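Here is the structure we will look at.
The values are calculated or read from the model by the stated rules, or taken from the named source; none is laboratory data. Being a predicted model, the structure only gives us computed values, none of them experimental. All Cβ positions, even for glycine, are placed from backbone atoms using ideal geometry, and neighbour counts span all protein chains on display.
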Amino acid sequence: MASIIVPKNERRVVRRSVRVECQIVCELGLRTIDHTTLDLSPDGMLVACGDDIGIGEKVLVSFRAPQTPLWFHAEGRVMRVVAGRRPGDRGRALGLRFEKAESSMRSALAELLRGVPPPVPSRKIRPDYLATVMSI
């Protein structure tokens, strides 16, 4: 029997599996850190990071869009710290949300990422019980 459970989607925008070099400047202490993105969307990015940066910390992000000479700059905030201890984690990482980014940058980035596949989920997808009941 096929499963009728609807997977829960908590994201506004699809993340894309993209690796680009980026530079992050932490506003607190103005330290510069070079990183590589693990995934990217017009709303934010997940970056591989061994540095100790806390949730809520404001950052300035600069990165070159994939396969273009265009550079993007945005103000962001650390929304998630991945410790790299769970099965499927790709090591320590930071989830950044772009807070102050021009709408033209977001639109251009969305267009550049169109057709790039999303990352393979590392954890089991949670069911959306309400959507499942509503579909029955």
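Of all residues in region 22-44, count the ones that are modelled with pLDDT under 80 and either at positive phi or touching a Ser or Thr at 6+ places or on another chain (Cβ under 6 Å) (or both).
2
Taking the stated definitions as given, is VAL14 in contact (Cβ under 8 Å) with a residue 12 or more places away in the chain and either crowded, with 19+ Cβ neighbours inside 10 Å or farther than 21 Å from PRO118 by Cα (or both)?
no
Would you confirm whether or not region 66-77 contains a residue that is at pLDDT 80 or above, among the aromatic types (Phe, Trp, Tyr) and either exposed (fewer than 14 other Cβ atoms within 10 Å of the Cβ) or part of a loop (DSSP other than H, G, I, E, B) (or both)?
Yes, region 66-77 contains a residue that is at pLDDT 80 or above, among the aromatic types (Phe, Trp, Tyr) and either exposed (fewer than 14 other Cβ atoms within 10 Å of the Cβ) or part of a loop (DSSP other than H, G, I, E, B) (or both).
For the subset of region 25-45 comprising residues that are among the hydrophobic types (A, V, I, L, M, F, W, C) and touching an Asp or Glu at 6+ places or on another chain (Cβ under 8 Å), which member is surrounded by the most Cβ atoms within 10 Å (Cβ to Cβ)?
The qualifying residue surrounded by the most Cβ atoms within 10 Å (Cβ to Cβ) is MET45.
Report whether or not GLY29 is of a type outside the set (S, T, N, Q) and under 12 Å from LEU94 (Cα atoms).
no
Tell me the residue from ARG86, ARG97, ARG19, ARG80 that is within 25 Å of ASP128 (Cα to Cα), surrounded by fewer than 14 Cβ atoms within 10 Å (Cβ to Cβ) and at pLDDT 80 or above, please.
After applying the criteria, what remains is ARG80.
Find the residue count for region 108-127, including only residues that are within 16 Å of the chain's Cα centre (by Cα) and modelled with pLDDT of 80 or more.
Residues flagged as within 16 Å of the chain's Cα centre (by Cα) and modelled with pLDDT of 80 or more within region 108-127 amount to 5.
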